[in-house]
Amino acid sequence: MNTTKSSKYFEEAKKHIPGGVNSPVRAFKSVGRDPLYIAKAKGAKIWDVDGNEFVDYIGSWGPMILGHAQVDVIKAIQKSAMRGTSFGAGNVKEIQLAKLIKKFVPSVEIVRMVNSGTEATMSAMRLARGFTNREKIIKFEGCYHGHGDSFLSKAGSGVATLGLPDSSGVTKSTAKDTLNAKFNNIESVYELIEQNKGEIAAVFIEPVAGNMGLVKADAEFLQKLRDVCTDEKIILIFDEVMTGFRLAKGGAQELYNIAPDLTTFGKIIGGGLPVGAYGGRGDIMEMIAPSGAVYQAGTLSGNPLAMTAGLETLKAIDEDEDFYSDLEESCEYLYDGIRHNLRKLGLNYTLNTCGSMFTLFFTEKKVTDFDSAKTSDTNKFAKYFNSMLESGVYLPPSQFEACFISAAHNKQNFDKTIKAHYEALKSL
Ligand SMILES: Cc1ncc(COP(=O)(O)O)c(C=O)c1O
C-alpha cells in the first residue's frame, strides 16, 4: 500500500500541530505507523489522499451511524448553511432536536446543548455538585468521559492507549475529588461510598463502555449502582456520548431499563458536526443558568448547522421502525464471520459485541473490566491492525477502542473484512 502522501502531510503537520494531530489516538502511535490523511468518505468507505480505499470501522469514532455523507443529512446542512451558520441566538432547530431527544430518551425531561461530549460531562459534573452541595465524584477505571481535569485518572481511550495513569497539568486538589471504582464490581463502589459518606455528588459511568474496548456492564451491577445512588442521594450520570442513539433509540439505558438522573450525549447527536448535550431530571436541570445558579454557557451552543445535522440523523432513525433490529442483524453477519475465523484457526480471543459496536481483544480471558482488557497482547493487536489496514480495512488504531458499524455497511463490506481478518490472524 502506497501511503507516501499521507506520510508527507504528517511530517508537515508535526511542525505545526502537537504530535501532528488534533486528538491523540489519531497519531497511530501504538500501532507503529504514520496516520492516514483522509480525502473523502461515503457510506461505509473512506479514501485517503493516496487514493487507497478502506471499509471504515471508526465512523468518526461513533457519530456516523447512517454512514458517511448520507444524502438527506448533507442536503439539510447545505440548506441550513445558506441561511447563515451561527446567530448566537435561539433557533427553531434546537427546540426540535431537544424534543426529539426527549422522545427517544424518556429519562430526559430537560436538555441543554453544548459543543462536545467533553463539555457535556464537565457541565453535568458541575451541575451534580451544585445540586448536591457535595464535591467528590466516582468514576470507573477504563471509562473515558472526555478530557475534563476531573476525568483523567485511570481513564480509557487515548489515555489508556498511550499507557498514561493520568494527565500532567491536573492539580492535586482537583485529582483528590475523583475516586475510581472497578467496572462491574459493586463492592468497590460501596467501599468508596462508605469511606466518603455524604461527600459523593455523582457517579459517572459508561453503561456500555467503549473506551477500554467494548465492555458491557452486567445488568445486576448496574441496577445495584442505581439503587445505591438513590439511597445515598448521589446523582447517577450515564455517559451515553458513545452509546446514545447507537445501541437503541433510548441508548444503553433503554437496553438495561434503568433511568439515570442525568445523561450526557455527543457523537450521533451531532450527525458528524460538533454537538454534545446533557439532560435529565427536571428538578436538577432547572438549576442551570439562567433558571438557576449553576453557570454554563456557549457561543456556538445550539448552532443551527450542527442542530440540523443532528436532527436530520435522528429523524432518519425515527422514521425507520426497524432501524436498530436491521442494523443488529446486519452486524451479526460480520460477528459470525469473525467467530468462524477464530474457530477455524483455533484461536480463543475474546470478541465483545453490543449492537453495532464491537472489540476483538487479543486475550483468551473474558473481558469484563479494565484489568481484564489490559491482559490483551497489544503487540499482536498492532500487527493485526496493520495487516487489516493493508487489506483495506480501517480499524481504530488501539486495542482499547470500540469499532463502529453503520447502516451503510453491507455484506460486500463484511465479506472483505472477514477475509482480511482471516489472513491477518493467520499471519500473526
Ligand atoms: C463516553 C464518552 N464520553 C465523553 C467523550 C468525549 O467526547 P468529545 O470527544 O466529543 O469531547 C467521549 C469521546 O470519545 C466518550 O466516548
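Just one of 171, 132 is surrounded by fewer than 20 Cβ atoms within 10 Å (Cβ to Cβ), farther than 22 Å from residue 401 by Cα and at pLDDT 95 or above; which is it?
Just a single option satisfies the conditions, and that option is 132.
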- Message: Quick test of your reading of the structure: residue 194 fulfils all but one of (1) of a type outside the set (Gly, Ala, Ser); (2) in contact with a strand residue (DSSP E or B) (Cβ under 8 Å, 6 or more places away or on another chain); (3) open to solvent by 10 Å² or more (accessible area, probe 1.4 Å). Name the failing condition by number.
- Response: (2)
- Query: If the Cβ limit is 6 Å and pairs must be 6+ apart or interchain, which residue in segment 10-26 that is over 21 Å from residue 401 (Cβ atoms) pairs with which residue that is not in a loop (DSSP other than H, G, I, E, B)?
  - Reply: 13/20; 14/20
- Message: Just to be sure I understand, how many residues within segment 84-124 are touching a helix residue (DSSP H, G or I) at 6+ places or on another chain (Cβ under 6 Å), assigned to a helix (DSSP H, G or I) and open to solvent by less than 60 Å² (accessible area, probe 1.4 Å)?
- Response: 3
- Item | Conditions (1) at negative phi; (2) more than 10 Å from the ligand (Cβ to nearest atom); (3) buried (at least 24 other Cβ atoms within 10 Å of the Cβ); (4) of a type outside the set (A, V, I, L, M, F, W, C); number of the one not met by residue 153 | (3)
- Output the residues belonging to segment 32-70 that are assigned to a helix (DSSP H, G or I) and surrounded by 22 or more Cβ atoms within 10 Å (Cβ to Cβ). 59
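Would you be able to tell me the number of residues in segment 263-298 that are more than 30 Å from residue 43 (Cα to Cα) and β-branched (Val, Ile, Thr)? Step through it out loud before you land on a result.
So in segment 263-298, the residues more than 30 Å from residue 43 (Cα to Cα) come out as 279-298.
Then drop every residue that is not β-branched (Val, Ile, Thr), which leaves 284, 288, 294.
Selection size over segment 263-298: 3.
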- For residue 255, are the conditions met, namely being over 15 Å from residue 111 (Cβ atoms), in a helix (DSSP H, G or I) and not acidic (Asp, Glu)? yes
- Could you tell me which of the residues 245, 238 is within 16 Å of the ligand (Cβ to nearest atom) and assigned to a strand (DSSP E or B)? 238
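Identify, please: which residue in segment 253-309 is of a type in the set (S, T, N, Q) and open to solvent by less than 10 Å² (accessible area, probe 1.4 Å) and is, among those, farthest from the chain's Cα centre (by Cα)?
Pass one, segment 253-309, residues of a type in the set (S, T, N, Q): 253, 257, 263-264, 291, 296, 299, 301, 303, 308.
If we keep only those that are open to solvent by less than 10 Å² (accessible area, probe 1.4 Å) as well, we get 263-264, 308.
On the way: 263: 13, 264: 11, 308: 21 Å.
This residue is 308.
At least 3 residues that are touching a Phe, Trp or Tyr at 6+ places or on another chain (Cβ under 6 Å) in each: list the helices (runs of 4 or more DSSP H) lying fully within segment 310-428 that qualify.
Of the helices (runs of 4 or more DSSP H) lying wholly inside segment 310-428, those with at least 3 residues that are touching a Phe, Trp or Tyr at 6+ places or on another chain (Cβ under 6 Å) span 323-344.
Just checking, does segment 262-276 include any residue being within 28 Å of residue 196 (Cα to Cα), away from the ligand (no atom under 16 Å from the Cβ) and of a type in the set (A, V, I, L, M, F, W, C)?
Keep residues of segment 262-276 that are within 28 Å of residue 196 (Cα to Cα), which gives 262-264.
Next, only the ones that are away from the ligand (no atom under 16 Å from the Cβ) stay: none.
No, the conditions are met nowhere in segment 262-276.
The values are calculated or read from the model by the stated rules, or taken from the named source; none is laboratory data. Predicted model, so just to flag it, every value in this text is computed and none were measured. Methodologically, a virtual Cβ is constructed for each residue, glycine included, from the backbone with ideal geometry; neighbour enumeration extends over all protein chains shown. Please note that ligands, DNA and RNA were not included when accessible areas were found on the heavy atoms of the full protein model with its side chains. Shrake-Rupley method; radii C 1.70, N 1.55, O 1.52, S 1.80 Å.
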